Structure formats: C-alpha cells, structure tokens
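Written below as structure tokens is the structure these notes are about.
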Amino acid sequence: MKPLKDDSLLVNDYISGDEKSLEILINRHNQRISSFIYSKVLDRDVTEDIFQDTFIKVIKTLKKGNYSEEGKFLPWVMRIAHNLIIDHFRKNKRMPKFEGSDDFNIFSVIGDDKLNAEKQIIKDQIDSDLSLLIEELPDDQKEVLLMRIYKDMSFKEISENTGVSINTALGRMRYALINLRKIIDKNNIVLTNS
Amino acid sequence: MEKIYSTKKNALAYPRVGPETIQFLLAYSKALRIVKHRQFSFEMILN
C-alpha cells in the first residue's frame, strides 16, 4: 500500500500547482467536514452550500499564498466552516426563510413584536429601576456604561471621548456590570420580564 | 437467536458532500488565477 501523504505536503503541492492534491484533500476530509456542518445546520442542501463556500475560501487563500498554518490544515478548514455556519444563521435571522407548505400562515410573515400592555409596564418599571441603580455606580464606570448602553457608542469612541485607553474603558464597563450585579444581589432586586 | 440483534445503520452517519460539489470545487480551483501587482491581488476566473 502506498503511504498516505501528509496534509501539509499536499497543501504545499497544491500551492505549487498540483490540482490533484486538492482532490485528495477534499476527499480525505469530506466526511468530517460535512458531518461537522450537518451536525450544526441539519439540512443537506445547506451543508453542501457551506461546504462549497468553505473550500472556495480555502482555494482562494491557498492560491493567494496567505496560508501559513503548516500541519494544521483540517482545524483551519473547520474554523472557516464554523465561521460560515455562524454567518448562515445570522443571515437567516435577518431574512427568515419560509418553508414551502400549503397551509401558509400569514402571521409567520407579519407579526406584532410589540410588548403587551402588562409587559410594557413591567419593562418601564425595570428601566426606571435600572437607571436608579446606575446612579449608584462610581462616576467613571457610570460614564462608560451610559455611553456604551444608552448612547450605543463603540469602545473606541468612548476612549476618544473620555481620554482613557480602550482597555481602561473595557475594564470600567466590566466593573460597572459587576458592581450592578452586586447591588442587585445585595438588595434582592428582581429584574426580569417574563 | 443470532437474528435477534438488528444491524441498524448508524443513525449518526451524516451524508458526505456529493460528487457534483467536489467536481465544481476542482473546476473552480483550476479556473481561478490570482494575479498579484504590488499590494493588490486580482482574482480571475478563466473559463
């Protein structure tokens, strides 16, 4: 029996122009990669799509000469597949797919995502309670938390506006959240809406 | 007695990607040319 060529050797051969090596690589890892994708998406067609996109990325990266992870071909491909699976679910969240069925339900397309009156009152109560709790925080932490959550600023913008480094802003955010949890725990406050 | 145990296929054996997809990828790989010029790299699909 001919000894199997190592992945890294095949990758090198492929980069230097041997198309056959790619075929060996794809066939060698087909089962593992497609099983991995299928275990996450549970759909044969989507599995084929993601598998294809994964290898298109692999081919482009190898041909551009941007591949540098010697000897770790499979984990690298798995990571690409993993990222594409995440992209797939993100895309589906934004643009839900409708399963073709005879009993078409209009409420799957239009829905009332507003809270009902009771939940709205609870939400308002929570929001006002939370703003009182935030007042308890030290000023530097409060400032970062308000900018991040209420003004929706990025940590980069926060660091520019407050004159501290991004890491300091991140640290302050972290401590703000920890302290908020402490205050909530200490006073046995229940902040849920369900 | 020996027939009591069923030889059920492993339900966890997921499907492999079909030969069409693999053929497509190989054809794509053959058709793709990357041309580098300074810091740019251009992708070309040669049919």
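The values are calculated or read from the model by the stated rules, or taken from the named source; none is laboratory data. What you see is a predicted model; the values in this text were computed from it and never measured. Counting neighbours? That spans all protein chains shown, and the Cβs are built from the backbone with ideal geometry, glycine included. In case anyone asks, the SASA skips ligands and DNA or RNA and just uses the protein heavy atoms, side chains included. Shrake-Rupley method; radii C 1.70, N 1.55, O 1.52, S 1.80 Å.
How large is the charge dipole for chain A, taken about the Cα centre, if only the Cβ atoms of Lys, Arg (+1) and Asp, Glu (-1) carry charge, to the nearest 20 debye?
Roughly 600 debye, rounded to the nearest 20.
How far, in degrees from 0 to 90, does helix A:117-135 lean away from the longest principal axis of the Cα atoms of chain A, to the nearest 10?
Here the helix axis deviates by roughly 80 degrees.
Over both sides of the A-B contact, add up the buried accessible area with a 1.4 Å probe and give it to the nearest 100 Å².
Buried area between the two chains comes out at roughly 2200 Å².
Angle, helix A:44-64 long axis vs. longest principal axis of chain A, Cα atoms, 0 to 90°, nearest 10?
The helix A:44-64 is inclined about 70 degrees to chain A.
How tilted is helix A:19-41 with respect to the longest principal axis of chain A? Cα atoms for both, answer in degrees (0 to 90, nearest 10).
30
Among all lysine pairs in the stretch A:1-87 that are eight or more places apart or on different chains, how many have alpha carbons less than 26 angstrom apart?
Close lysine pairs under the 26 Å cut-off: 20.
Carbon and sulfur atoms: what percent of the 1.4 Å accessible area of the stretch A:7-96 do they account for?
Of all accessible area on the stretch A:7-96, carbon and sulfur atoms account for 49 percent.
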